[in-house]
Amino acid sequence: MNEIRNNWSLQEVNQLFEQPMNDLLFQAQTVHRKYHNPNEVQVSTLLSIKTGACPEDCKYCPQSAHYNTGLEKQKLMEVEKVIVEARRAKEAGATRFCMGAAWRSPPVADMPYVLDMVRQVKEMGMETCMTLGMLSDEQTEELADAGLDYYNHNLDTSPEFYESIITTRTYQDRLDTLSRVRDAGMKVCSGGIVGMGEGAQDRSGLLMQLANLPVHPESVPINNLIKVEGTPLDQVEDLDPFDFVRTIAVARILMPHSQVRISAGRDDMNDQLQAMCFFAGANSIFCGEKLLTCPLPSQSDDMRLFERLGIECEEYDAAADKPRRRETALFYDAAVG
Ligand code: SAM
Ligand code: DTB
Ligand code: SF4
């Protein structure tokens with residue numbers, strides 16, 4: 001059977017989700033082993049280069065100007081400061097540096113600085129990723145020419161549920177940005193959020209949309225809603241953690257080659273739940289001091305978990321000027337002194 005497909009029906013995706021957990025995990029792990037090293041997890045570091053005061057009304061987001069979350073706003077960070085943070089991430093072993101801005105789309109006047117960030121981080125030998133909102137054709141070309149490796153732009157949820165979460169831009173706007181990024185030759189990072197009060201159909205609908213893109217995103221972040229006080233979703237009911245694991249497993253089955261990332265929400269997950277996500281096919285995490293504005297587990301906790309699970313990750317080897325396999329045990333000793 002051809003496992004790489006772009007024609008999934010909602011019914012087929014629902015059927016994957018509805019299997020008994022053990023059958024679903026077995027299927028996901030079988031696909032995972034065929035396409036990836038089952039004991040390797042990629043580590044990215046995030047930096048918010050422009051924080052808060054965003055004109056969009058995404059109901060989950062602490063950075064939207066529509067809600068009062070008490071967040072400290074920050075205009076576009078100076079290029080030099082971004083480079084200092086990138087160097088710190090590289091020294092801590094990150095192989096990909098992701099820069100995020102709370103914009104609807106990048107202001108034209110800020111583009112030269114953004115492009116400079118891409119060039120300089122790339123020169124340091126790390127992979128680059130940016131998430132800046134919607135892009136015009138010209139901005140997409142500029143980012144590609146500067147050498148940007150990945151562009152993150154999430155579909156967030158199913159087309160049906162989307163309208164109750166965001167009204168200031170459409171699902172089609174998002175699909176258009178993704179196709180521009182793909183056409184310009186950059187790698188696509190696109191996923192969504194679960195735990196926003198959506199139904200099981202919406203989790204299926206999100207993954208079906210991602211898997212039916214003409215080419216699967218190279219990177220698929222699955223965020224568990226962080227309920228930030230002051231956002232309209234701060235009181236929503238918790239998602240059953242097993243439904244988070246199921247979402248990871250179905251993403252793995254639908255998009256066998258992709259890196260599936262446990263993104264937001266890891267700080268609220270215990271080690272057992274994270275281990276289950278890795279078994280379900282997650283093979284990437286964000287690691288560092290924080291996500292964009294919300295907390296992450298400490299780096300030493302992450303490395304301790306990797307060590308307990310025998311998980312390997314890559315680190316940047318400055319002498320050889322390329323990534324190498326990291327010995328987590330050694331790193332753990334160094335991280336906790
Ligand atoms: N403004 C840009 C955009 O929306 O494309 C880039 C930054 S935006 C913060 C990136 C993603 O973070 C969103 O698409 C959403 O999936 C995720 N996110 C934001 N707030 C979150 C929250 N409270 N919990 C979980 N994920 C969240
Ligand atoms: C993604 O899907 N999740 C990351 C990254 N892409 C940019 C961001 C999560 C943000 C969580 C809320 C915050 O830290 O502000
Ligand atoms: Fe703005 Fe992005 Fe937050 Fe939406 S998710 S409010 S676009 S920063």
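No lab work stands behind these numbers, since they all come straight from the coordinates. What you are looking at is a predicted structure, and each value in this text was computed from that prediction instead of being measured. Ideal geometry is used to build each Cβ from the backbone, glycine not excepted, and the neighbour counts take in all protein chains shown.
Using the crude model of +1 on Lys and Arg Cβ and -1 on Asp and Glu Cβ, and no other charge, please compute the dipole size for segment 70-206 relative to its Cα centre, in debye to 20. Write out the running numbers ahead of the final one.
Values: 16 positive and 23 negative charges, 80 e Å.
Charge dipole of segment 70-206: 380 debye, to the nearest 20.
Relative to the Cα centre, the charge distribution of the chain, modelled as +1 at Lys and Arg Cβ and -1 at Asp and Glu Cβ, gives a dipole magnitude of about 420 debye. Only Lys, Arg, Asp and Glu carry charge here, each on its Cβ (+1 for the first two, -1 for the last two); on that basis segment 1-131 has a dipole of about 240 debye about its Cα centre. State the answer as a single residue: which of Gly70, Leu225, Phe244 lies farthest towards the positive end of the charge dipole of the chain, with beta carbon charges of +1 for Lys and Arg and -1 for Asp and Glu, about the Cα centre. Working it through, the farthest residue towards the positive pole turns out to be Phe244. Under 5 Å between amide H atoms, partner at least 5 residues away or on a different chain: which partners does Glu312 have, H built in plane at 1.01 Å? Residues meeting the criterion, in which the H sits 1.01 Å from N, are Glu40, Val41. Modelled label positions at Met21 and His257, each set 7 Å beyond Cα in the direction of Cβ, lie 3.3 nm from each other.
A dipole drawn for the chain from +1 and -1 charges on Cβ atoms has a positive end, and of Thr170, Leu206, Ile285 the residue lying farthest that way is Ile285.
Peptides 17-23, 150-156, 122-128, ordered by how many other C-beta atoms sit within 10 Å of their residues on average, highest first, read 150-156, 122-128, 17-23. Extension gain for Ser300-Asp137 works out to 54.5 nm (0.36 nm per residue, less the C-alpha to C-alpha distance).
Taking amide H as placed 1.01 Å from N in the peptide plane, the amide H of Thr168 sits under 5 Å from that of Asp57, each at least 5 places away or on another chain.
With θ taken as phi - 60° and the Karplus curve 6.51 cos²θ - 1.76 cosθ + 1.60 applied, the whole-hertz 3J(HN,Hα) list for segment 255-270 is 10, x, 7, 6, 7, 9, 10, 6, 9, 4, x, 5, 4, 9, 9, 7 Hz, x standing for glycine and proline. Counting neighbouring beta carbons within 10 Å and listing from fewest to most, the residues Thr30, Thr293 come out as Thr30, Thr293. Annotation: peptides 164-171, 232-239, ranked by per-residue average of other Cβ atoms within 10 Å with the highest first, follow the order 164-171, 232-239. Each of Arg33 and Asp183 was given a label point 7 Å from its Cα along the Cα-to-Cβ line. The distance between the two points is 4.2 nm. Couplings for segment 79-90, taken from phi via the Karplus curve 6.51 cos²θ - 1.76 cosθ + 1.60 with θ = phi - 60°, read 4, 4, 5, 4, 5, 4, 5, 5, 5, 4, 5, 5 Hz in order; Gly and Pro are left as x. Of the residues Gln235, Ile262, Leu148, the one whose Cα sits farthest toward the positive end of the charge dipole of the chain, with +1 on the Cβ of Lys and Arg and -1 on the Cβ of Asp and Glu, is Leu148.
As a test, work out the antiparallel percent of DSSP beta bridges whose residues both lie in the chain, rounded to the nearest 5.
The antiparallel fraction comes to roughly 20 percent.
Residues whose amide H lies under 5 Å from that of Thr131, counting only those 5 or more places away or on a different chain, are Met99, Gly100, Ala101, Asn152; hydrogens are built 1.01 Å from N in the peptide plane. With labels modelled as points extended 7 Å from the Cα through the Cβ direction, what inter-label distance (nm, one decimal) is found for Asn6 paired with Asp110? About 3.2 nm separates the two model spin labels.
If neighbour count is taken as other Cβ atoms inside 10 Å, put Ile83, Ile193 in order from fewest to most. Numbers along the way, then the final one.
Working: Ile83 17, Ile193 25.
Least crowded to most crowded, the residues run Ile83, Ile193.
Evaluating 6.51 cos²θ - 1.76 cosθ + 1.60 at θ = phi - 60° for every residue in segment 12-25, the Karplus couplings come out as 5, 5, 4, 5, 4, 4, 7, 4, x, 3, 5, 5, 5, 5 Hz, glycine and proline recorded as x.
Taking a straight line from the alpha carbon of Lys90, these lysines sit under 19 Å away, with near neighbours fewer than eight places off in the same chain left out: Lys81, Lys122, Lys290, Lys322.
The fewest-to-most ranking of Val79, Val220, Val108 by surrounding Cβ atoms within 10 Å reads Val108, Val79, Val220. For Lys34, the lysines whose Cα comes closer than 23 Å to its Cα, not counting residues fewer than 8 places off in the same chain, are Lys187. Scanning the chain for cysteines with no neighbouring cysteine C-beta under 4.7 angstrom from their C-beta gives Cys54, Cys189, Cys277, Cys287, Cys294, Cys313.
In summary, the aspartates and glutamates within cross-link reach of Lys50, defined as a Cα separation below 12 angstrom excluding same-chain residues under 8 places away, comprise Glu72, Glu78, Asp110.
Stretching the chain fully between Asp57 and Glu237 yields a gain of 62.7 nm (0.36 nm per residue, less the alpha carbon separation). Per-residue ellipticity at 222 nm from helix content only, as computed over the chain with -39500 (n - 2.57) for each DSSP H run of at least four residues, stands at -12000 deg cm²/dmol.
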